[in-house]
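Novice: Questions regarding the structure given below will be posed in turn.
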Amino acid sequence: MRLSLDFGYCQKFIDDQSVKGLVSKAVQASQSLQDKTGKGNDFLGWLDLPERMQEQVTRIQSLADRIRANSEVLVVIGIGGSYLGAKSGLAFLQHHFSNELPAEKRGGPAIYFAGTNMSPQYLKDLMALIGDRDFSLNVISKSGTTTEPAIAFRFLKEKLEDKYGSTGLKDRIFLTTDPERGALTAMSEQTGYEKLVIDPHVGGRFSVLSPVGLLPFAVAGINIAELLEGARAAMNDVALPYEENPMLQYAVMRNHLYAAGFKIEMMVNYEPRLQYIAEWWKQLYGESEGKEHKGIFPASASYTTDLHSLGQYVQDGERHLFQTVLHLEESGADMVIGSNESDLDKLNYLAGKPLDYVNKKAEEGTLEAHYSGGVPNMIIKIKRADTLSLGYLFYFFEYACGVSAYMLDVNPFDQPGVEAYKSNMFRLLGKPNV
Ligand code: PA5
């Protein structure tokens, strides 16, 4: 197992009787996922993606190799579930400043994201940053109709056409979309742009282990076969009994805390590479569970940075939140604090200590303080930031999300609430036929 859960800093909030009831609910929920008898059961294609995607690894890798060979930059265009998985996985595995490294050190194209907002300044800055460099586009939209990526694509395609002419586009545009429907499918049919398919039975936020995540990962040089292997390990673990099953344990504990009045879950990290995992998780859980006026509100914080901003509230504010700490056992690098004769900065008491030791002590001290201040804390322990762990983590959170939402009796796989703003926006913009 590539991760484990620790409820030590949660203990005083645990009511064994209530947990027992929730365990059987979680087991039932898991069974409904496996039997495909629960709400939204038409969207369970993600359950076996780690197995099914193996046969696509060769094609995805060869498309990625083409991009790696002809591009200094890849722009991934997408939003929500068509963006956050790739972004979070790259942040988890890559050098913190990957895009700023010289190309030979990075070992692949710089990867930027577009279509995640409608800011003209963002797009202008991105296009200026690409400048004269060779680039390609991976447009990801399951529906093929989402406004933000469609607009970004229009601008970036123009830039591509200016540089390579209309005949050069075929080598540089990669569309990831529905097999049959939507504007991108029609475009691919008319132009011959390379197309990668998202299974129609996989919702956007559950799609990271499909070409949605796999193509950008492969372009970055990440071993996607290994990523799927990590995910398959989690897939096999779903059958474990509760005592050994982290997915069920996580779903049970967060529902237990929710029922006890803790309505906000804050995903906390002490390593910046985990920050985007929390962003991906927020969308996965927020969009899956926030329905029928129910659902834990998913929030996140990056410590120790946010101990200097949100720390006061967490310690002392309203008692309605619990924390889930993503704990990386091995930081990946270490730096030992040196000794200094003058000790003007008064840090000699730490001389000889690895920086990771200091970070871990900050974590421990914070856990103790928040726990005694009335905040329950779960810890998800991940061994190290490697490809196998990432695959496991993605599947772990997806499966626990399905179980948790079924425990709340909501459909995890629809998102009726995101339509309201869109129809207002289209009306205000004068879009025809809405
Ligand atoms: O999880 C979801 O379904 C959404 O967040 C979508 O991924 C997001 O709205 C983008 O949709 P599309 O891929 O159709 O452009």
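Novice: With the Cα gyration tensor of the chain giving a ≥ b ≥ c as the square roots of its eigenvalues, does the rule (a/c under 1.5 for rounded; else a/b larger than b/c for prolate; else oblate) give rounded, prolate or oblate?
Specialist: It comes out oblate by the Cα gyration axes.
Novice: Can you give the alpha-carbon Rg of segment 78-121 over 2.2 N^0.38 Å, where N counts its residues?
Specialist: Normalised Rg, Cα atoms only: 1.29.
Novice: While we're looking at this one, here's another question. Helix 224-237: angle to the longest alpha-carbon principal axis of the chain, degrees 0 to 90, nearest 10?
Specialist: 40 degrees
Novice: Regarding segment 160-301, what's the average projected area of the Cα-atom convex hull, expressed in nm²?
Specialist: Directional mean of the projected Cα hull area for segment 160-301 stands at 12.5 nm².
Novice: Here's another thing I want to ask about it. Given all pairs of different Cα atoms, what value in angstroms does the Kirkwood hydrodynamic radius of segment 46-222 take?
Specialist: Over segment 46-222, the inverse of the mean reciprocal pair distance is 16.1 Å.
Novice: In addition: Of the accessible area of segment 359-408, with the probe set at 1.4 angstrom, what percent is carbon plus sulfur?
Specialist: 52 percent
Novice: Here's another thing I want to ask about it. Using a/c under 1.5 as the rounded threshold, could you call segment 176-230 rounded, prolate or oblate? The axes a ≥ b ≥ c are square roots of the C-alpha gyration tensor eigenvalues, and prolate needs a/b larger than b/c, oblate otherwise.
Specialist: oblate
Novice: I would also like to ask the following. Compute the long axis of helix 275-289 from its Cα atoms, compare it with the longest principal axis of the Cα atoms of the chain, and write down the angle in degrees, 0 to 90, nearest 10.
Specialist: 90 degrees
Novice: Over the chain, with a Gaussian network built from C-alpha contacts below 10 Å, which listed residue (Val403, Val76, Val336) shows the highest mean-square fluctuation?
Specialist: Ranking Val403, Val76, Val336 by mean-square fluctuation puts Val336 first.
Novice: Ok, one more. Tell me which residues come under 5 Å, amide H to amide H, from Ala114 once H is placed; ignore anything under 5 positions away on its chain.
Specialist: Val76, Ile77, Gly78
Novice: Express the Stokes-Einstein translational diffusion coefficient of segment 1-87 in µm² s⁻¹, to the nearest whole number, given a Kirkwood radius over alpha-carbon pairs, 4 °C and a viscosity of 1.567 mPa s.
Specialist: Diffusion coefficient, whole number: 72 µm²/s.
Novice: If you build a Gaussian network model of the chain, linking Cα atoms that sit under 10 Å apart, which residue out of Asn411, Asn348, Asn138 swings the most?
Specialist: Highest fluctuation among the options: Asn348.
The values are calculated or read from the model by the stated rules, or taken from the named source; none is laboratory data. Computed from a predicted structure; not experimentally measured. When the accessible area is computed, the model is the full protein with side chains, heavy atoms only, and any ligands, DNA or RNA have been set aside. Shrake-Rupley method; radii C 1.70, N 1.55, O 1.52, S 1.80 Å.
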